[in-house]
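The values are calculated or read from the model by the stated rules, or taken from the named source; none is laboratory data. Just so it is clear, the model here is predicted, and its values are computed rather than measured. Note that we place each Cβ from the backbone using ideal geometry, even for glycine, and neighbour counts take in every protein chain shown.
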C-alpha cells in the first residue's frame, strides 16, 4: 500500500513537471513567477477543452495536446459546437451569425470584432449566454460516475456469483462500505432509519474520494475544488436533511426550550434563539461546501506552487528541497483526499441524524 | 465571496446535480441495494450459524451430562447388585452351616439312640449268657460238689462274689 502511494506521488510529480518546464523557457525570473502564478490560476479553473499539456514552439506559438469538448449554449436557441472553435481564446467562434468570445475562461457574446466592454470595476458588460457546456470537470464527473457504476454494480453482482462473498477489487471496497454503515451511518442516524440515507452517504463518499484522487493524478483536474460542484453536493445534503426532518427536528428549531419554561418567558429568548436556529439550517450545509472547496483548492495551490518553486530556484539546494516538500505534500494530499470525503460524509450523516431524530418519550407516548 | 460567486458556474452546477442524482439513483438500484442486502444476509447467516453452534454445544453438554448421569446410575446399580449378591452368598453359607449343624445333631442323636439300644441288647445278651454260664457253672459245681462238700461251698461263695459284680 505504502509503496503504491509513493509510486503514485512520484508519477504525479513527474507528470506535472512538463507543465512548468515548458511554460518557462528562457524568460526573466519575474516573468516566470507571473507565468507560474497564471498557470496555477488556470489549472484551478474549469476548462472548455481537455488539454493534457501545452508547450510553446520555437516560433512562439502555443501548442495544446488534448481534445476539444462540446460547448452547449442557450442563446435564443440551442447552440452546440466544439470548443476547438475558440482556439483557446485566441479566436472568436461564429455560430449562426452570433459571435462568442472566450475571455478569462468565460464565454461572452460579442460583435464580429470580439470587443469586450467594461464597466467601472473592470468587469465585462457583454451578455453571457446560458452555458451548459461539457467542460473538463463535467467529463471527469462522467468518468467518475461510470467508474463508480461499473465498480459497485460489479461488487453487487459478485455476491450472487461467489456465494455471498465479494470478489476481486470489491474485496477492497466492501470494508469501506461496511465502515460507512457501521461507523458513520448507524452511530449518527440510528439503527432504525439509517437505511434510508445509506445510498446517499455511500455515493457521496466514493464520489468525493474518487474525484479528490483524480485531482492528484497527473490529469490534475480540480473538480472537488470547484465551488459549483461542492455547492451541488451540499445542496443535496441540505434538501435531504430538511425533507426528511421529523416533527422533533422542526420542534427543536422553532421551540428549542420545550416545556422547560412558561410561554411568556420563552418569547424574549426566542426572539434571539429562533433566528439562530433557522440560520443554523443553512450554515451547516454551507460549511460543508466551503470546507471541501477550500481544502481541495488549497491543496492544489500548495502542491503546484511547490512544484513551480523547483523551476524558480534552479540551484542544487533549492530544487531538491522543493521537490522533497512537494513530495511530502503530495502524500499529505492523498490523506486529505480521503479525509475530506470522510468529513463530508460524516457531517452529512450527523445532520441526517438530527433530522430523523425521535425522542424516546415520544415513542413511549405512541405506545400508550 | 465575490470571487466565489464569480467562480460559480451554473452549467457545471446543473451537470453535477443531474449526473450525481442520476448516479445516486442508478447505484441505489444496481449497487447499494444488492451490496447492503447481500452483506446483511451474510451477517444474518453468520449470526444464525453462531447461535446454532452455540445450541449444538449446549445440547452436547446436556447429552454429556445425561451420559454421566446414566453412567452413575449404572454404577450404583452394579454396586447394589454386587452387594445383594454378597449378602445372598453369606446368607446361603450361613443357612448351609445351620442345616449341616442340625443334620449333624440329628445324626449324633440317632447314633446315641442306636448305641443305647445296642448297649441294652448287649446287656440283655450278657445277662442271658451270664445266666447260661451260671447254669453251666452250677452244673459243673454241682457235679464236683457232689464229690467234695467243702470245695463245693467254697466255689459257690467265690462265684457269688464274682456274680455280685454284675
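Quick notes
- Some residue of region B:11-32 being within 14 Å of another protein chain (Cβ to nearest Cβ), modelled with pLDDT under 95, surrounded by 10 or more Cβ atoms within 10 Å (Cβ to Cβ) and in contact with a strand residue (DSSP E or B) (Cβ under 7 Å, 6 or more places away or on another chain): yes
Residues checked against (1) farther than 15 Å from residue A:75 by Cα; (2) exposed (fewer than 11 other Cβ atoms within 10 Å of the Cβ); (3) touching a residue at least 40 places away in the same chain (Cβ under 8 Å):
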site	(1), (2), (3)
A:95	no, no, no
A:105	yes, no, yes
A:108	no, no, no
A:114	yes, no, no
A:122	yes, yes, no
A:129	no, no, yes
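- Options A:235, A:257, A:268; residue that is more than 24 Å from residue A:41 (Cβ to Cβ) and within 14 Å of chain B (Cβ to nearest Cβ): A:235
- Against the conditions (1) outside any helix (DSSP H, G or I); (2) closer than 20 Å to residue B:14 by Cα; (3) more than 9 Å from chain B (Cβ to nearest Cβ), residue A:122 satisfies every one except (2).
- Considering each residue of region B:39-59 in turn, at least one proves to be surrounded by 10 or more Cβ atoms within 10 Å (Cβ to Cβ), within 30 Å of residue A:224 (Cβ to Cβ) and within 14 Å of chain A (Cβ to nearest Cβ).
- Counting residues in region A:81-90 that are surrounded by fewer than 16 Cβ atoms within 10 Å (Cβ to Cβ), at pLDDT below 75 and closer than 22 Å to residue A:310 by Cβ gives zero.
- Scanning region A:152-178 for residues that are in a helix (DSSP H, G or I) and either loosely packed, with under 14 Cβ neighbours inside 10 Å or touching a residue at least 40 places away in the same chain (Cβ under 8 Å) (or both) yields A:152, A:160, A:161, A:171, A:172, A:175.
- Close contacts from region A:342-354, counting a first residue that is assigned to a helix (DSSP H, G or I) and a second that is surrounded by fewer than 20 Cβ atoms within 10 Å (Cβ to Cβ), with Cβ to Cβ under 6 Å and a gap of 6+ residues or different chains, come to A:351/A:284.
- One residue from B:36, B:82 being part of a helix (DSSP H, G or I), surrounded by 10 or more Cβ atoms within 10 Å (Cβ to Cβ) and away from chain A (no Cβ under 14 Å): B:82
- Looking only at region A:193-205, residues that are more than 9 Å from every other protein chain (Cβ to nearest Cβ) and touching a helix residue (DSSP H, G or I) at 6+ places or on another chain (Cβ under 7 Å) come to 5 in all.
- Single condition residue A:243 does not satisfy, out of (1) over 19 Å from residue A:149 (Cα atoms); (2) within 11 Å of chain B (Cβ to nearest Cβ): (2)
- Taken over region A:142-192, the criterion of being more than 11 Å from chain B (Cβ to nearest Cβ), modelled with pLDDT of 90 or more and farther than 30 Å from residue A:358 by Cβ is satisfied by A:172 alone.
- Test result for residue A:214, part of a helix (DSSP H, G or I) and either within 11 Å of chain B (Cβ to nearest Cβ) or exposed (fewer than 15 other Cβ atoms within 10 Å of the Cβ) (or both): no
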